[in-house]
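The values are calculated or read from the model by the stated rules, or taken from the named source; none is laboratory data. Since this is a predicted model, take the numbers as computed values, not measurements. Cβ placement follows ideal geometry from the backbone for every residue including glycine, while neighbour counts extend to all protein chains displayed.
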Amino acid sequence: MKAKVTIVGAGSLGMLFGGRLAAAGVAVELVVRRPEQGRRLEAEGLTLGVAGGGAQAPLHVRPAVRLLEGSDGPDRGAAPGGHWVLLTVKQTAVTPGFAEALRRLLPEDAVLVCLQNGIGHAEVLAEAFPLQRLLLAVTTEGALKQTDTEALHTGKGTTWIGAAAGEGGSALSVQKNLAALLERAGFRAEVSNNIQQRVWQKLLMNAVINPLTAILQVPNGELPLLPGVPQLMRELLGEGEELARRLGIPLDPGLWEQVLSVCRATAANRSSMLQDVLAGRPTEIGAINGGLLREAQRLDVRLPVNETLYTLVRALEEKGRHTR
Ligand code: KPL
């Protein structure tokens, strides 16, 4: 049965998922914000290469393209195999206005899958969508956007899928069908019965690596090699782990080793936050360390190292705004 996947946000991850799913015969539609990108994708199609792929030819596909604003109402074309909407925009894009625009655009049976970093976006979306239609996904796939129509698959990973609402959330069969669809497109995908644990583990890693690389302006691999920095990294992680413990969110015991191994595995990469700072764009600090600080405030606890880094990254954003 024909499934349909709408990808909202044609950045690196959006192009990766959209490219491979379309190549696997799934009906893919890309929803973009910028008309210029929309026009180019329509005219040129989408090209997905593989980093270090040698002679492997890049995939070239022609998914349908729509604009987020100004499109006609929901597309009511039947999707008997299910209709999933992979939300691959940055966390900072998920505002109440955005959630409302999405609600107008999507048919009532579509299931929304959030792939954002950080925390807080699911709550914004839950104001516009019933919780049964919201899934969370955490991915370790690596991708790099090269132009408005081209991306590179830089590293194979795993995508975990789970219900945003836990008990009473979206049906398990919906999650399993999505995992099967992603597997058909060549991804490794698993249904997780504790997606909050995956979300928090990614959150804590991002809370260590992203602000420090943005402030020190180094690639991920250099971070643990700088004098004094491993201690700071441990303190940041320790604050996050203690907060998760108080909130009753279980975590893997070896998270410190995982942070170091992510730094090694992505040694030459600039973290997304460093890229944002260098480009003078707003960062995801509000959803990452800021998300931790909001949770801590609810419990009346302090996270002093996270607070300091949050303030420094906000200052860098401000500086970027003035020097652009
Ligand atoms: O997810 C990342 C990011 O850059 O946002 C890490 C894991 C830090 C890899 O760069």
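Considering every residue within the stretch 237-244, establish whether at least one is charged (D, E, K, R), crowded, with 20+ Cβ neighbours inside 10 Å and more than 13 Å from the ligand (Cβ to nearest atom). Give the steps one after another, and end with the answer.
Within the stretch 237-244, the first condition is being charged (D, E, K, R), and the residues that meet it are 239, 241-242.
Adding the requirement that they be crowded, with 20+ Cβ neighbours inside 10 Å leaves 239.
Subsequent filtering for residues that are more than 13 Å from the ligand (Cβ to nearest atom) retains 239.
Yes, that holds for at least one residue.
Quick one: is Leu178 within 16 Å of the ligand (Cβ to nearest atom), at pLDDT 95 or above and hydrophobic (A, V, I, L, M, F, W, C)?
On the way: within 16 Å of the ligand (Cβ to nearest atom): no; at pLDDT 95 or above: yes; hydrophobic (A, V, I, L, M, F, W, C): yes.
No.
Mind listing whichever residues of the stretch 183-216 are without any contact (Cβ under 8 Å) to a residue 40 or more places away in the chain and assigned to a helix (DSSP H, G or I)?
Glu183, Leu216
Of all residues in the stretch 113-132, which are part of a helix (DSSP H, G or I) and buried (at least 22 other Cβ atoms within 10 Å of the Cβ)? Lay out the reasoning, then the answer.
The initial filter retains those residues of the stretch 113-132 that are part of a helix (DSSP H, G or I), namely 121-126, 131-132.
Hits for the stretch 113-132 are His121, Leu125.
Could you tell me whether Arg302 is away from the ligand (no atom under 15 Å from the Cβ) and assigned to a loop (DSSP other than H, G, I, E, B)? Even if it seems obvious, please write down each step before you answer.
Working: away from the ligand (no atom under 15 Å from the Cβ): yes; assigned to a loop (DSSP other than H, G, I, E, B): yes.
Yes, satisfied.
So, Gln297, is that one in a helix (DSSP H, G or I) and under 19 Å from the mean Cα position of the chain (by Cα) or not?
On the way: in a helix (DSSP H, G or I): yes; under 19 Å from the mean Cα position of the chain (by Cα): no.
Judged against the criteria, Gln297 is not a match.
How do the pairs read when you match residues in the stretch 256-272 that are in contact (Cβ under 8 Å) with a residue 40 or more places away in the chain and in a loop (DSSP other than H, G, I, E, B) with residues anywhere that are near the ligand (Cβ under 7 Å from one of its atoms) and among the aliphatic types (A, V, I, L, M), using Cβ under 7 Å and keeping only pairs 6 or more apart or on different chains?
Final answer for the pair search is Ser271/Ile209.
Against the definition (more than 16 Å from the ligand (Cβ to nearest atom) and either at pLDDT 95 or above or closer than 30 Å to Glu44 by Cα (or both)), how does Val191 come out, yes or no?
Working: more than 16 Å from the ligand (Cβ to nearest atom): yes; either at pLDDT 95 or above or closer than 30 Å to Glu44 by Cα (or both): yes.
Yes; evaluated as a whole, the condition is true for this residue.
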